[in-house]
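Asker: Just dropping this structure here.
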Amino acid sequence: MTFDILQGVLRMSGLSRKTILGLCAAVALLCAIAARPQSSTSAQSGGQRAGLKVVILDPAHGGADPGARGTGGVRESDIVLDLASQVTRGLMAQGFQVLQTRTGNENPSFDDRSALANAQTGAIFLSLHVSSTGLAGTVRVYTVPDMALPPANGGLIPWEQAQAAYLPLSRKLGNAVQGELAQKFKGSPTEVQTAYVRQLKTTAAPAIAVELSSVSIQEKADLDKMLPGVAEAIVRGVVAFRPSYVTPISPAVASQSPAAGPKP
Ligand SMILES: [Zn+2]
C-alpha cells in the first residue's frame with residue numbers, strides 16, 4: 001500500500017491530517033520492520049545476506065532552525081548541508097544509493113526524517129551535526145544509549161523504540177566511522193560514544209550521529225577545510241561496515257507475497 005492510497009482512503013474517512021500522517025508513518029515503519037530482520041543474534045544463525053544498498057544522510061536542522069551558531073556567524077545548518085553533499089558524492093562513487101533528508105534550507109520534522117529511512121530496505125542512517133563545544137578540529141560519533149527491546153507481541157514495534165533492535169549494528173557502524181575519523185583528526189575519540197540524539201531513536205536502521213567541533217571556530221574557512229577529510233572518513237567507515245550488514249530473513253517474511261513488502 002502506498003502513502004498516497006492510504007492518505008486518500010483515510011481522507012475520505014474524515015480523519016485529521018495529523019492522524020493520517022501518524023498512521024502513514026506507523027504503516028511505513030511496520031512495513032519496513034515486517035520486511036526486515038530484527039536482530040544480529042539471529043543473523044548469526046544462518047540468515048540471508050540482505051545487503052547494504054542505501055545510505056540516508058541527514059543534514060540536521062535547517063529552515064528556521066540554524067542549529068548551533070558561532071560568534072563569527074557560522075551556522076550548523078549550513079555546514080552540515082555542505083558536508084552532506086560531499087559525503088553523497090563519495091558514497092555514490094562507492095556504489096551506494098544516497099538519499100538526503102534535505103537538500104536545501106528546509107527543516108523536515110524528526111519523524112519525517114526517520115520515515116525516509118524506515119521506508120527503505122538495506123539502509124543505514126547518518127545524522128550530521130556541528131557542535132558549539134569540544135576541541136576544535138575533532139569529530140565524535142554517537143549512537144543512542146541502550147534501549148529496551150519492545151516485547152514480541154506479533155511484530156508490532158512502537159515508533160519510539162524503532163532503534164532498539166538495530167543498536168548492535170549501529171555501534172558497529174559507529175566504531176567503523178569513528179576509527180577512520182580518529183586517524184585523520186587527532187584528539188578525536190577512537191570509539192563511538194552514546195548520547196541522547198532524538199533523531200536516532202525513531203529510526204529502524206543502523207543509525208549514528210556524526211558531530212564536528214565546532215561552530216565557535218574563528219574562521220569558517222577552518223571548518224570548511226575539515227569537510228573533505230570528514231566526508232572521506234565517513235565513506236571509508238561505511239565501506240568498512242558494509243560486510244557486517246548481514247541480516248536474517250525470517251521464514252515468515254520470506255514466504256510473504258511481494259505485495260506485503262514495503263514497496264509495492
Ligand atoms: Zn545539531
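The values are calculated or read from the model by the stated rules, or taken from the named source; none is laboratory data. Quick caveat: nothing in here was measured; it's all calculated off a predicted structure. Neighbour counts are summed over all protein chains in view; Cβ atoms, including those assigned to glycine, are modelled from backbone coordinates with ideal geometry.
Asker: If I filter segment 212-264 down to residues being modelled with pLDDT of 95 or more and among the β-branched types (Val, Ile, Thr), which single residue comes out as surrounded by the fewest Cβ atoms within 10 Å (Cβ to Cβ)?
Answerer: Val239
Asker: Could I ask something else about it? Exactly one of these conditions fails for Val230: (1) farther than 27 Å from Asn107 by Cβ; (2) in a helix (DSSP H, G or I). Give me its number.
Answerer: With (1) farther than 27 Å from Asn107 by Cβ; (2) in a helix (DSSP H, G or I) applied to Val230, the lone miss is (1).
Asker: For Val87, only one of the following conditions fails: (1) under 25 Å from Arg171 (Cα atoms); (2) more than 14 Å from the ligand (Cβ to nearest atom); (3) assigned to a loop (DSSP other than H, G, I, E, B). What is its number?
Answerer: (3)
Asker: Can you tell which of Gly72, Gly104 is modelled with pLDDT under 90 and either within 15 Å of the ligand (Cβ to nearest atom) or over 23 Å from Val192 (Cβ atoms) (or both)? It would help to see each step written out before you state the result.
Answerer: Working: Gly104 fails: modelled with pLDDT under 90.
One residue alone meets the criteria, Gly72.
Asker: Taking segment 197-215, which residues are touching a Lys or Arg at 6+ places or on another chain (Cβ under 9 Å) and part of a loop (DSSP other than H, G, I, E, B)?
Answerer: Hits for segment 197-215 are Thr202, Thr203, Ala204, Ala205, Pro206, Val215.
Asker: While we're looking at this one, here's another question. Have a look at Asp222, Asp146 and point out the one that is over 21 Å from the mean Cα position of the chain (by Cα) and either of a type in the set (S, T, N, Q) or over 19 Å from Pro59 (Cα atoms) (or both). Don't jump to the end; show me each part of the working.
Answerer: Numbers: Asp146 fails: over 21 Å from the mean Cα position of the chain (by Cα).
Unique residue meeting the criteria: Asp222.
Asker: Restricting to segment 129-147, name every residue that is away from the ligand (no atom under 16 Å from the Cβ) and either aromatic (Phe, Trp, Tyr) or closer than 16 Å to Phe185 by Cβ (or both). Spell out how you get there, then give the answer.
Answerer: First, pick out the residues of segment 129-147 that are away from the ligand (no atom under 16 Å from the Cβ): 135-137, 145-147.
Leu135, Ala136, Gly137, listed by residue number.
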